[in-house]
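Structure first, then comments.
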Amino acid sequence: MAETSRILTEEMVAEIKAYFPRYPSRQAVTLPALHTVNEHLRYVPPQAVVEVAELLELHPAQVQDTLTFYGFFKQDAPHGKKRVWVCRSISCALRGGEEVLSAMCEKAGIHPGETTADGRLTLEAAECLGACEQAPCMLAGNDLVGDVTTESAEEFVATLE
Amino acid sequence: MPEFEPVLLANIGKTDSHRRHVYESGGGYQALRATLKDKAPDDVTNMVKDSALRGRGGAGFPTGLKWTFLPKDHPGPFYMCINADESEPGTFNNRILMEDDPHQVIEGAIISCYATRASTAYLYLRYEYPLAYQRLQQAIDECYEAGYLGKNILGSEFSLDMYLHRGAAAYICGEETGLIESLEGKRAWPRIKPPFPAVEGVFRKPTVVNNIETLACVTHIAARGVDWFKSIGVPPAPDNPRDPGSFGPKLYCLSGHINRPGCYEAPLGITCRELIEDFGGGVWKGRAGKAAIPGGISMGVLTEAEFDTPLDFAGPGKAGCLGLGTAAVVVIDETVSMVDFLHNSCRFFAHESCGQCTPCREGTSWSLRMLDRIRAGRGRIKDLDLLLEIGDTIGIMPGTTICGLADGAAWPIKNAIRKFRDEFEDYIKRTNPEGWMVTEPVEALEATGIH
């Protein structure tokens, strides 16, 4: 069998192991480990699942089973440098959230869930982001952006680094 | 009624309200000190039981009673899971508390862990709250530095560790056993109950799951007492011996077509109309209200004529809604089509159904497919009856699912169609003049992406 090159760096492994004392079971570290990998690589490829499973003393299928439940971790290719979640739930929809998402998709030339060819942006349709007082809103990386208009959303796409 | 003094939002707006020194300068952590010094764990449980505090996460179960379900003779360890997976559309009160006053929540959590003998608390936070994550972690670190967390808290025999655990964008993790499964590193499929978490919860140990706002209320009950708490809100209905009443202050979220959206604190029992007019400054753009969600989308809808419904635990149910839920009011103005409203609701639940129980998995996505077809001008009157049949048969109330997600999916369907039937029929007849009366099966549209 061909030697597959390791994906998890020593740094990632150390970060994952730091979670071990918090829980009485290794399996409970699954989500923290997947988040760790995702923060470093912007996706969790199958080989990373295998390596996480080794660390957590699980079968890769157990980690994969959990991972696929969430629809959050991409596996085929990294998400864009900026991943933007645009809310489409009721409070945002009532104030133009769907139009904001459409405008951004058109401006960026992608559908929700896709990444621009230059790798700058991934757009996601989000369910309620819990910032309904600022509707319509979006979460751009770690930044909540409220009271978005189609104009400000297009501007956001156009000026993204 | 005496003047109402907000307590849950009292610190919010102060400079650095999320920092420990600011919280302490307003008397913060004095309730914890007094509790550890003067009270036994059972005294705290009895205090919370006497206060008649009901869980603020949606179901309204009496908090103290939940704690008494923990086994007395178990060797432990006991766990506390703090439910911060707030994801109900329209709801953001927990986010405000965690971002702007996390110590208020943590103090209540420590007192609650003392009462329930928990040695570890996991705060399960939804992924979409990065600022809350950062501020909670800072607050937890500040608590370890001050000796409010860790070994022998404030010189007592009581020790407690608290850890943040991030979710990954799944609504079902707010269901308490879904949360537990997710915390254990598995898919967040709710468990069949019994056993309830108090008997066998996370890591198969006795576990209490409490909501963020519930724990903030515990802080104030410990500081101000049971009588203060019970002086606010609505007493039990005299003709219903099982009604625990609706006591205490409540955070109401107001969003949608409103002039001043926001999170407001009021005594339980304020009416939907008072909230809209007095706090929200009325419906936006000078328009009339058409409907309002009373407590998160899964509670269904009130019509404008029902806006005088009191938003206590018993109120929305009297207007045919599922309940108070998260007390998140979403106002819908006269320009909105209820077909569009229901489509949005069905899409949400089709996306968030965890897929474990067939009636929910199939019922929610079938509802969405019908709404898609209706909006594409190919609806039939018969679809309304089919939608109602789905609404009446999915959920824990008809007894076909493990958890209440399906009841939450069903209620907007039932309320919207039963309360706005004429509008739905008119829409279908107007948009599908050739086929609205067809009763034979029709093809679904090309599958639309649910995910």
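The values are calculated or read from the model by the stated rules, or taken from the named source; none is laboratory data. Remember, predicted model here, so these are calculated numbers, not experimental data. Here Cβ is always computed from backbone atoms with ideal geometry, including for glycine, and neighbour counts include all displayed protein chains. With ligands, DNA and RNA removed, areas are computed over all heavy atoms of the protein, side chains included. Shrake-Rupley method; radii C 1.70, N 1.55, O 1.52, S 1.80 Å.
Could you look through segment B:242-255, keep only residues that are touching an Asp or Glu at 6+ places or on another chain (Cβ under 8 Å) and closer than 18 Å to B:Asn94 by Cα, and pick out the one that is farthest from the other protein chains (Cβ to nearest Cβ)?
My answer is B:Pro249.
Residues of segment B:138-181 being within 13 Å of chain A (Cβ to nearest Cβ), assigned to a helix (DSSP H, G or I) and in contact (Cβ under 8 Å) with a residue 24 or more places away in the chain, which ones?
Within segment B:138-181, B:Ile140, B:Tyr171, B:Ile172, B:Cys173, B:Gly174, B:Gly178, B:Leu179, B:Ile180 meet the criteria.
Of the residues A:Val37, A:Val84, only one is in a strand (DSSP E or B) and modelled with pLDDT of 95 or more; which?
Matching residue, one of A:Val37, A:Val84: A:Val84.
Can you tell me which residue in segment B:374-413 is nearest to B:Cys173 (Cα to Cα), limited to those that are among the charged types (D, E, K, R) and open to solvent by less than 30 Å² (accessible area, probe 1.4 Å)?
B:Asp407
Counting only residues that are free of Cβ contacts under 8 Å to residues at least 60 places away in the same chain and within 10 Å of chain B (Cβ to nearest Cβ), give me the strands (runs of 3 or more DSSP E) lying completely in segment A:97-151 with at least 3 of them.
Those strands (runs of 3 or more DSSP E) span A:121-126.
Taking the criterion of being touching a residue at least 24 places away in the same chain (Cβ under 8 Å) and open to solvent by 10 Å² or more (accessible area, probe 1.4 Å), would at least one residue in segment B:249-257 satisfy it? Steps first, answer last, please.
Restricting attention to segment B:249-257, the residues satisfying the condition of being touching a residue at least 24 places away in the same chain (Cβ under 8 Å) are B:249-257.
Among the residues that remain, those that are also open to solvent by 10 Å² or more (accessible area, probe 1.4 Å) are: none.
Within segment B:249-257, not a single residue is touching a residue at least 24 places away in the same chain (Cβ under 8 Å) and open to solvent by 10 Å² or more (accessible area, probe 1.4 Å).
Name the residue that is nearest to the other protein chains (Cβ to nearest Cβ), counting only residues in segment B:66-77 that are outside any loop (DSSP other than H, G, I, E, B) and open to solvent by 20 Å² or more (accessible area, probe 1.4 Å).
Step one: filter segment B:66-77 for residues outside any loop (DSSP other than H, G, I, E, B), giving B:66-68.
From what's left, open to solvent by 20 Å² or more (accessible area, probe 1.4 Å): B:66, B:68.
Values: B:Lys66: 23, B:Thr68: 25 Å.
Result: B:Lys66.
Of the residues B:Thr358, B:Thr431, B:Thr364, only one is in contact with a helix residue (DSSP H, G or I) (Cβ under 7 Å, 6 or more places away or on another chain), among the β-branched types (Val, Ile, Thr) and open to solvent by 20 Å² or more (accessible area, probe 1.4 Å); which? Explain how you work it out, then say what you get.
Numbers: B:Thr358 fails: in contact with a helix residue (DSSP H, G or I) (Cβ under 7 Å, 6 or more places away or on another chain); B:Thr364 fails: open to solvent by 20 Å² or more (accessible area, probe 1.4 Å).
The conditions single out B:Thr431.
Every residue in segment A:10-41 that is open to solvent by 70 Å² or more (accessible area, probe 1.4 Å) and acidic (Asp, Glu), please.
Hits for segment A:10-41 are A:Glu10, A:Glu11, A:Glu39.
Which residues, taken from segment A:50-81, are of a type in the set (A, V, I, L, M, F, W, C) and either assigned to a strand (DSSP E or B) or more than 13 Å from every other protein chain (Cβ to nearest Cβ) (or both)?
Taking segment A:50-81 as the starting set, the residues that turn out to be of a type in the set (A, V, I, L, M, F, W, C) are A:50, A:52-53, A:55-56, A:58, A:61, A:63, A:67, A:69, A:72-73, A:77.
A:Val50, A:Ala77, listed by residue number.
Could you check how many residues of segment B:264-279 are open to solvent by 20 Å² or more (accessible area, probe 1.4 Å) and either part of a helix (DSSP H, G or I) or within 14 Å of chain A (Cβ to nearest Cβ) (or both)?
Residues meeting the conditions: 6.
If B:Val339 meets every condition in (1) away from chain A (no Cβ under 11 Å); (2) open to solvent by less than 10 Å² (accessible area, probe 1.4 Å); (3) in contact with a strand residue (DSSP E or B) (Cβ under 9 Å, 6 or more places away or on another chain) apart from one, which number is that one?
The number of the failed condition is (3).
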